[in-house]
Amino acid sequence: YAAYFAVVQGSMMGKSRLFFHLAEHDVFVIYICLRKAGETGYPLSHPSLQKALTDSNCTEGFYAAFLLCTLEKLKRFRQRSSCASSCAAWLQEQ
């Protein structure tokens with residue numbers, strides 16, 4: 001059992017819309033677009049993050065540190081935000 005999931009699907013199938021919709025229903029989403037730099041599309045990619053997360057020299061420790069930093073940022077966000085707008089605002093802050 002795990003309280004997370006990944007969505008892998010072809011282009012133009014509604015993945016981003018799904019995540020934005022989840023945020024409207026009080027689900028915290030960590031959204032990462034790994035589209036390669038220079039490719040077009042919406043939402044915009046995170047080129048430096050794409051490079052770091054797909055680098056063949058990337059270690060398990062790097063992934064763990066990235067996840068821990070992301071969760072720490074979410075924790076700080078929740079401490080300073082009101083509950084009513086927090087999920088959608090969190091998604092926009094990323």
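Per residue, how much accessible area does the chain show when a 1.4 Å probe rolls over the protein heavy atoms, in square angstrom?
Here the per-residue accessible area is 79 Å².
Tell me, what ³J(HN,Hα) does each residue in the range 33-38 have, in order and in whole Hz, if you take phi through Karplus 6.51 cos²θ - 1.76 cosθ + 1.60 with θ = phi - 60° and put x for Gly and Pro?
Taking θ as phi minus 60°, the curve returns 9, 9, 4, 5, 4, x Hz for the range 33-38.
Pairs of Cα atoms under 8 Å, at least six residues apart: use those to get the relative contact order of the chain, whole percent.
Normalised by residue count, the contact order of the chain is 33 percent.
Computed from the mean reciprocal separation of all distinct C-alpha pairs, what Kirkwood hydrodynamic radius does the range 31-94 have, in Å?
Hydrodynamic radius (Kirkwood, Cα only) of the range 31-94 equals 13.5 Å.
Using the Karplus curve 6.51 cos²θ - 1.76 cosθ + 1.60 with θ = phi - 60°, what ³J(HN,Hα) values do you get for each residue of the range 9-26, in whole Hz, with x for Gly and Pro?
3J(HN,Hα) across the range 9-26, in whole Hz: 7, x, 4, 6, 9, x, 4, 5, 4, 4, 5, 5, 5, 4, 4, 6, 10, 6.
Within the chain, what is the longest stretch that has no chymotrypsin sites (Phe, Trp or Tyr not before Pro) placed in a DSSP loop and near at most 16 other beta-carbon atoms within 10 Å?
32-94
Heavy atoms only, probe 1.4 Å: what % of the accessible area of the chain goes to carbon and sulfur, would you let me know?
58
Please give the charge dipole size of the chain, origin at the Cα centre, charges +1 on K and R Cβ atoms and -1 on D and E Cβ atoms. Round to the nearest 20 debye.
I would put it at about 140 debye.
Can you compute the helix-only [θ] at 222 nm over the chain? Use -39500 (n - 2.57) per DSSP H run of at least 4 residues, normalise by all residues, nearest 500 deg cm²/dmol.
After summing the helix terms and dividing by residue count, I get -15500 deg cm²/dmol.
Just reorder Thr40, Thr59 by solvent-accessible area, largest first, 1.4 Å probe, all chains present.
Thr40, Thr59
For the chain, which GluC sites (Glu not before Pro) are both in a DSSP coil and crowded by at most 12 other Cβ atoms within 10 Å?
Here the sparse-neighbourhood loop sites are Glu39.
Quick check: from the Cα gyration tensor, does the range 1-42 come out rounded (a/c under 1.5), prolate or oblate?
Note, shape of the range 1-42 comes out prolate.
The values are calculated or read from the model by the stated rules, or taken from the named source; none is laboratory data. A quick note: this is a predicted structure, and the numbers were derived from the prediction, not measured. With ideal geometry, Cβ positions are generated from the backbone for all residues, glycine too; neighbour counts draw on all protein chains shown. Keep in mind that these areas ignore ligands, DNA and RNA; they rest on the heavy atoms of the full protein, side chains included. Shrake-Rupley method; radii C 1.70, N 1.55, O 1.52, S 1.80 Å.
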